[in-house]
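Visitor: Here it is, the structure, as structure tokens.
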Amino acid sequence: MSDFTADSIGDLTGRRAVITGANSGLGLQTAVALARKGADVVLACRDEQRGRAAEGRVRSLTGSEGVEMRVLDLASLASVRAFAAGLDGPVHLLVNNAGVMATPKATTADGFELQFGTNHLGHFALTGLLLPNLQQAASPRVVTLSSLAHKRGRIDFADLQSERRYRRWSAYGQSKIANLYFMVELDRRARAAGWDLTSVAAHPGLANTNLTAGMQAPVLDAFGGFLRLMGQSDAAGALPTLYAATAPEVRGGDYYGPSGPGETRGAPRLVAPVPRVLDRDIAVRLWNRSVELTGVDYAALQPTV
């Protein structure tokens, strides 16, 4: 695992990947790496113009004709539903990569706190709506991106949408630990249903990407400067995602991140989330609340009799 690079990925011909937030940063690097190995790649992007530019870039870098861009705004359940309804055929790999970080207080089109609504609820709804596509694929895999920030995250069920008090970093941490609760519970439910779907997670450590685009000064100046100084490249930051997405030894419930000091940089390896991520009661409560909020019920993941 310590010597894993994008070149270590095996042949992916005949496999189809959907990557959210694929117009730049980790998502774009993931798309390029998978397309180079023969995968058909769907770039799921919020901004159509930037998405088209990314589509052209991936095609030019890889020579692949199996690359397409589709509009997806995770901050709108209507957009998520439209994206899923328009996607026919099998999906072998879903990479829940897109996200926003430490934004000023704002809400999604459906009234959810922006970070929780985009990073968690949008991906929760998308994954559930793509279950029929994943079921058409042999050994499908779902990779959900979390963050080192999950270590300070807690699910505040009494104020899930940060209506009483909004603190940007607390809201971000909540959304990132929610990603891990979702990953673990999706793995449990897939196993209970007798389905060979693999649900895993990854984090990039400190990666210099445009995730800071939603920030405003002075937070942007301080944190953006720190990332430019200390962060690894987006290509390096994408390696844990690529390992989680393609390595044959990956198992459901695994979590991958950089192997360097503090998991901030380095080659990918198996890492451990904070212990509370394994609290089943919280995971189930969050799952049920997410079903209520999104209207996506995961009916296909009912245990077999």
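Visitor: Could you give the radius of gyration (one decimal) and Dmax (whole number) of the Cα atoms in the chain, in Å?
Guide: Reported Rg and Dmax, both Å: 17.7, 56.
Visitor: Starting from the amide H of residue 106, placed 1.01 Å from N in the peptide plane, find each other amide H under 5 Å away whose residue is 5 or more places distant or on another chain.
Guide: Here 114 satisfy the definition.
Visitor: Now, a different point. Go ahead and estimate [θ] at 222 nm for the chain from helices alone: -39,500 (n - 2.57) per DSSP H run with n ≥ 4, summed, over the residue count, rounded to 500. Walk me through the numbers before you get to the answer.
Guide: On the way: 10 runs with 112 residues, N = 305.
After summing the helix terms and dividing by residue count, I get -11000 deg cm²/dmol.
Visitor: Follow-up question, since we're still on this one. Regarding region 40-82, what is the average projected area of its C-alpha convex hull, in nm²? All intermediate terms of the calculation are to be shown ahead of the outcome.
Guide: Working: hull surface 11.8 nm².
About 2.9 nm², averaged over all directions.
Visitor: Can I ask one more? Taking every DSSP beta bridge with both residues inside the chain, roughly what % is antiparallel (nearest 5)?
Guide: On the way: 4 of 29 bridges.
If I count the DSSP bridges inside the chain, around 15 percent turn out antiparallel.
Visitor: A follow-up question, please. Counting other Cβ atoms within 10 Å, keep those with at most 16, restrict to DSSP loop, and tell me which trypsin sites (Lys or Arg not before Pro) in region 75-166 are left.
Guide: Details: sites: 81, 105, 141, 151, 152, 154, 164, 165; in loops: 105, 154, 164, 165.
Sites meeting the loop and neighbour criteria: 105, 154, 164, 165.
Visitor: What is the Rg over Rh value, at two decimals, for region 106-160, using alpha-carbon atoms and the Kirkwood definition of Rh? Each step should come with its number before you reach the end.
Guide: Working: Rg = 14.0 Å, Rh = 13.2 Å.
Value, to two decimals: 1.06.
Visitor: Now for a separate question. Of the GluC sites (Glu not before Pro) in region 237-305, which ones lie in a loop per DSSP and count no more than 16 other C-beta atoms within 10 Å? Walk me through the numbers before you get to the answer.
Guide: Values: sites: 249, 263, 292; in loops: 249.
Of the GluC sites (Glu not before Pro), the ones in loops of region 237-305 whose Cβ has at most 16 other Cβ atoms within 10 Å are 249.
Visitor: When the accessible area of the chain is computed with all protein chains present and a 1.4 Å probe, what percentage of it is carbon and sulfur? Present the calculation step by step, with values, prior to reporting the outcome.
Guide: On the way: 6260 of 12740 Å².
It is 49 percent, rounded to a whole number.
Visitor: Restricting to DSSP loop positions (anything but H, G, I, E, B) with no more than 10 other Cβ atoms inside 10 Å of their own Cβ, which GluC sites (Glu not before Pro) remain in region 52-127? It would help to have the intermediate numbers written out before the result.
Guide: On the way: sites: 55, 65, 68, 113; in loops: 65.
Filter output for region 52-127: 65.
Visitor: Hey, another quick one. Taking a 1.4 Å probe, which of 166, 256 shows the most accessible area, and what order do the others take after it? Please report the intermediate quantities before stating the final value.
Guide: Numbers: 166 50, 256 5 Å².
If we order 166, 256 from most to least accessible, we get 166, 256.
Visitor: For region 1-159, max minus min Cα coordinate along each principal axis, in Å, sorted largest first?
Guide: 47, 38, 31
Visitor: With every protein chain kept in place and ligands, DNA and RNA left out, what is the accessible area per residue of region 1-136? Probe 1.4 Å, answer in Å². Numbers along the way, then the final one.
Guide: Working: 5140 Å² over 136 residues.
Accessible surface, normalised per residue, equals 38 Å².
The values are calculated or read from the model by the stated rules, or taken from the named source; none is laboratory data. The model shown is predicted, which means the values in this text are computed figures rather than measured ones. Heads up, the Cβs are rebuilt from the backbone with ideal geometry, glycines too, and the neighbour counts pull from every protein chain shown. When the accessible area is computed, the model is the full protein with side chains, heavy atoms only, and any ligands, DNA or RNA have been set aside. Shrake-Rupley method; radii C 1.70, N 1.55, O 1.52, S 1.80 Å.
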